[in-house]
Structures are given as structure tokens and as C-alpha cells.
Amino acid sequence: MLPKVLLFSAMVIGAAAYPLVFEPVDLLVAPKEEPAMAPAAAQIETIARAETSSLRGVVSLQSDDRGHYVGEFKLNGRKAEAMVDTGATVIAINRSMARRIGFTLRNSDFTGKVATANGTVSSAPVILESVQIGRIKIANVQAVVIDDAALPTTLIGMSFLKQLRRVEVRDGQMVLDQ
């Protein structure tokens with residue numbers, strides 16, 4: 001009797017999960033008119049849509065005292081506090097962070113130049129295998145490495161942000177939506 005109950009339970013859970021896995025719902029678009037459903041079926045669909053939304057990567061960052069948006073990211077799987085900078089073309093990391101996340105750079109790798117708030121500095125172009133914050137994860141993201149003295153923090157620039165569906169700032173919060 002117990003195996004039959006377990007099999008039935010697994011079938012019900014699998015049926016409920018089907019819309020989550022195979023029919024993603026975009027909650028930012030007005031839903032189409034659908035025929036009326038029985039109350040229980042409507043309740044299951046509502047739950048499925050809410051869970052679909054939570055599975056998609058949406059992250060909110062609160063601005064700090066200076067109005068900056070700082071969050072805990074993972075660069076190549078390693079934790080890194082970083083500031084979102086919509087004025088930066090690419091992600092910028094310093095040499096210390098580059099070493100922490102697996103890059104071994106020589107002085108001869110610093111072939112580029114980037115303009116910073118402190119002037120023009122040499123940079124080494126790199127590709128980050130992954131950049132993640134919360135459930136948002138982007139692979140193969142362009143970045144530059146800059147000397148520690150020129151860059152005290154990690155900046156998340158447009159090479160990451162442009163791959164998101166939406167970046168919105170409102171009422172002291174930045175919403176990142178994959």
C-alpha cells in the first residue's frame with residue numbers, strides 16, 4: 001500500500017512541477033485571457049506561476065549611504081563584494097582579486113589602457129568564466145584587471161549588465177532581472 005501512495009504522490013508532484021520546468025511564464029507581460037478554471041486548478045496555476053518567477057533570476061540591491069549599489073557576487077565561483085557601475089564598459093577587478101579567482105598575470109599581459117576616475121591606467125583583458133549574484137548567472141563575461149592602487153574595489157560594468165533582461169533603479173533600489 002505504501003509504495004502505491006508514494007508513486008501517486010510522486011506523480012502529483014511531477015504533474016504540478018511540469019509547468020515550472022516546461023512552460024516558463026513571463027510575469028512582466030499581461031496574461032492572455034484564459035477560460036475560467038475550477039478553484040483548485042486556478043490555485044495550483046497561481047502557485048506554479050509564483051514559483052516560476054522565483055526560479056528566474058531577479059535580485060534587488062539597496063543603495064548604500066553614498067547612493068552606490070553594492071552586492072555580493074561570485075566571480076569564477078569565488079565570493080567578491082562588488083559595486084554595480086553602469087558607467088563602466090566592462091567588469092573591472094584589481095590584481096589581488098584576479099589572483100583570488102584564478103588568474104596568473106604577468107606585467108606583459110597589461111596591454112590595454114582604461115580611463116578611470118584617477119586617470120588612464122594599464123589593464124589586462126580577461127574573460128570571467130562566470131559572474132553570479134543570487135540566481136542570476138552569466139558565463140564568459142569580459143573584464144579587465146587593473147593594479148590594486150588604481151582600483152580598490154570590484155566594479156560590475158556593462159559587459160555583465162547588458163546581458164540581463166532588465167536593470168531598473170527606483171526608490172533607492174536597483175533591480176537586476178535575468
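Annotation: M83 carries an accessible surface of approximately 40 Å², with a 1.4 Å probe and no ligand, DNA or RNA atoms counted.
Legend: residue pairs K113/K137; K79/K113; K74/K162, Cα-Cα distance threshold 23 Å; pairs beyond threshold, K113/K137; K79/K113.
Its residues counted as N, the stretch 59-178 yields a C-alpha radius of gyration over 2.2 N^0.38 Å of 1.02.
The values are calculated or read from the model by the stated rules, or taken from the named source; none is laboratory data. Just so it is clear, the structure is predicted and the values come from calculations on it, not from any experiment. Areas reflect the complete protein model, heavy atoms only, side chains present, ligands, DNA and RNA absent. Shrake-Rupley method; radii C 1.70, N 1.55, O 1.52, S 1.80 Å.
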